[in-house]
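Each reported figure results from applying straightforward, stated rules to the coordinates on display, with no laboratory input. Here the structure is a predicted model, which means the values were calculated and not measured. Reconstructed Cβ throughout: ideal geometry from the backbone, glycine too, with neighbour counts over all protein chains shown.
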There are 2 protein chains.
Amino acid sequence: MSAEASAILKNLYAPILDEIRLLERFLEEEFALEEPFILQLIQYIGRFRGKQIRPALLLMIGKLGGGEVTGEHVKIAAVIEMIHSATLVHDDILDSAALRRNVETLHRRWGERVAVLMGDFIYSRAFALSTEVPGMAQVLSQTTNTICDGELLQIRHRFLPDMGEEIYFKIIFKKTAILYAVACELGGCLSRFDPEDCRKLRQFGLDLGMAFQIVDDCMDYAGDEKVVGKSLGTDLHQGKVTLPLLYYFKSLQGQAKAAALKEALRKPLSAALEKEIAREVREEGALQSAFQRAEEFIQSAKSTITGFPTCLRECLEQVSDYVLRRRH
Amino acid sequence: MSAEASAILKNLYAPILDEIRLLERFLEEEFALEEPFILQLIQYIGRFRGKQIRPALLLMIGKLGGGEVTGEHVKIAAVIEMIHSATLVHDDILDSAALRRNVETLHRRWGERVAVLMGDFIYSRAFALSTEVPGMAQVLSQTTNTICDGELLQIRHRFLPDMGEEIYFKIIFKKTAILYAVACELGGCLSRFDPEDCRKLRQFGLDLGMAFQIVDDCMDYAGDEKVVGKSLGTDLHQGKVTLPLLYYFKSLQGQAKAAALKEALRKPLSAALEKEIAREVREEGALQSAFQRAEEFIQSAKSTITGFPTCLRECLEQVSDYVLRRRH
């Protein structure tokens, strides 16, 4: 994380510092009695814990929406963070990633067996916890199912630069945005917001999540590995078609280069060609267009919550701005 | 499956043929509207579907326990089969298995990414379905959590022939027996059996599951790949310490061979040594002792249900006998 982003985040989380501490204590106590081997793995995975934006959103909504943050808020915030952690552990296997937050990934350090099983372990524990709060288990298990569906859709569309924006947006809606949407919506539900406001929170979270993923996909072309804390440039290498590449491909319309790019992606790219394509994505405007699309989603997110109480609205706006700034 | 085992099973499932059909129709309809890619994968995984003993137990208990088999029975039977399928898909990755029921495993056919995600997809769908029947979601997600815990415990104790029986039984209790226990117990719960009978069904399922896993572990040393339909001899190769090996190690007590075996397991075994150890496990009585232990669990299972209505009792006894006979 850049110093700037880190400072913003600290400021942003100031109103919910106590609640973030409750969340961390909850996660610690939840696993305190596990077998030593599992405890060790859980603690290792804890080192990947980052900004915890999803649970933070839920807690902010609970705290600043006029109600009180209850044990139920903390539990469901923990469940959401656990679901996110489990997807990361499995994603890192899928992506053959070596680093996550500058720490060796679980499958590199402990082997694939352990990584597959720890993902399953965390998912199932998250579901078990969610059943302790009425009305939560169904939406959270369906959300997880949608996330997997989105990831499979992405695999299905690898190496296809002509798959179109619509498929891309469907993929990131499912694999990323929905968990933001549910974090925000459930924050509202647990605080007994009226249904219309819960719906708005869901829409806010969806737009925020879409922007988050687009920025993530932009960073894969433009980020600094040390700042981002994970391997970059992997999307193109793995044939994952993200918005910057889609826009670059679109910009080539009608040119012989478009057909050549499509053809080139069918087989593993040479390092030189990969570098060349990444450079053109960065320099020919595609990256900028993609980033603008993220900005539009943030505008849309903000417009949904204009009628919210000032305190909550300003806080959610700041999170929205942060999602864009983390590119630096 | 041997012709003998197959004939037994056909006879055994005769009273619940309609219910098994309902289960299969349910599973088909549940996924009918998925994206074509996911549907294709689900249908592929369907080819691994075997004896479906766990859901069959639940349905037998529902049908022969004096009540009626409802949509809830079918749904929870499906959830249990789905949880089992998801563990198989992930297990096959962990075991680098090439075949399952004589069909190429999912990760071999479609790659690891797809296999990891399809396991997650099926788990999360199973949890989502379980929330539709009151009181089921918590026990089923906790059970899945215990299964993962057991598998991790097994990984932790690889290459340790002196780990002792107690750890072995703890591992198979968690990774295998508990799902049998829950299938039987929930069959009783859904049919409004009294709590004492539900407890007995759970105990019956536990013993049955312990026996099932021991027989499975014996078959890995003594089975015929064509009959069993999967790669055999993999436990020793992977350093998984199962009951036949534990008993063999115990039989060497005090001999220099014991220390040599312990030492040998620390590094990958040569093919010749692997063959030699497997032969001794088969021929020096260890395999037979392990099988006897499975028979004791079956005796215990049967003794728990002596007071049950004749029809149900006889049916459950036949399943118990089948678990032992499938070694042929």
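Observations on the structure shown:
- Computed from backbone phi, the HN-Hα couplings of region B:151-165 come to 5, 5, 4, 5, 4, 4, 10, 5, 6, 10, x, 9, 5, x, 4 Hz, rounded to whole numbers (Karplus: 6.51 cos²θ - 1.76 cosθ + 1.60, θ = phi - 60°; Gly and Pro given as x).
- Relative contact order (percent, whole number), region A:45-182, Cα cutoff 8 Å, 6+ residue spacing: 21 percent
- Packing-based exposure ordering (other Cβ within 10 Å, fewest first) of B:His107, B:His157: B:His157, B:His107
- Pairwise centroid distance, computed over Cα atoms, of region B:270-296 with region A:40-57, Å: 45 Å
- 3J(HN,Hα) couplings calculated from phi for region A:105-122 with the Karplus curve 6.51 cos²θ - 1.76 cosθ + 1.60 (θ = phi - 60°) are, in sequence order, 5, 4, 5, 6, 7, 10, x, 5, 3, 5, 5, 4, 5, 5, x, 4, 4, 6 Hz; Gly and Pro show x.
- Whether region B:70-212 is rounded, prolate or oblate, judged on the alpha carbon gyration tensor where a/c under 1.5 counts as rounded: oblate
- Between B:Glu274 and B:Ala98, the simple label model (points 7 Å from Cα in the Cβ direction) yields a spacing of 1.1 nm.
- Across q = 0.05, 0.10, 0.11 Å⁻¹, the protein assembly as shown modelled as identical point scatterers on its alpha-carbon atoms has Debye log10 I(q)/I(0) values of -0.26, -0.98, -1.14, in the order of the q list.
- Stretching the chain fully between B:Arg109 and B:Ser289 yields a gain of 61.0 nm (0.36 nm per residue, less the alpha carbon separation).
- 3J(HN,Hα) couplings calculated from phi for region B:69-74 with the Karplus curve 6.51 cos²θ - 1.76 cosθ + 1.60 (θ = phi - 60°) are, in sequence order, 7, 9, x, 5, 4, 5 Hz; Gly and Pro show x.
- Ascending list, in nanometres, of distances separating the A:Thr234 label from those of the other copies (7 Å, Cα toward Cβ): 2.6
- Relative contact order (%) - criterion: Cα under 8 Å, at least six apart; region: chain B: 20 percent
- Simple label model, 7 Å out from Cα along Cβ direction - B:Ile20 to A:Glu314, nm: 6.8 nm
- A:Ala260 versus A:Arg49: modelled label distance in nm, points set 7 Å from Cα along the beta carbon direction: 5.0 nm
- Two-site FRET efficiency, A:Asp162 against B:Leu33, from Cβ-Cβ distance with R₀ of 41 Å, rounded to 0.05: 0.95
- With label points set 7 Å from Cα along Cα→Cβ, the inter-copy distances at A:Gln288 are 8.3 nm, sorted shortest first.
- With contacts taken as Cα pairs under 8 Å at a separation of at least 6 residues, region B:178-225 carries a relative contact order of 42 percent.
- Exam field: B:Gly254 pseudo-label spacings to other copies (7 Å along Cα-Cβ), nanometres: 9.2
- Using the Cβ-Cβ distance between B:Arg199 and A:Ser303 with R0 = 60 Å, the FRET efficiency computed as 1/(1 + (r/R0)^6) comes to roughly 0.55.
- Taking B:Ile61, B:Ile178, B:Ile45 in turn, the Gaussian network model of chain B (Cα-Cα springs below 10 Å) assigns the largest fluctuation to B:Ile45.
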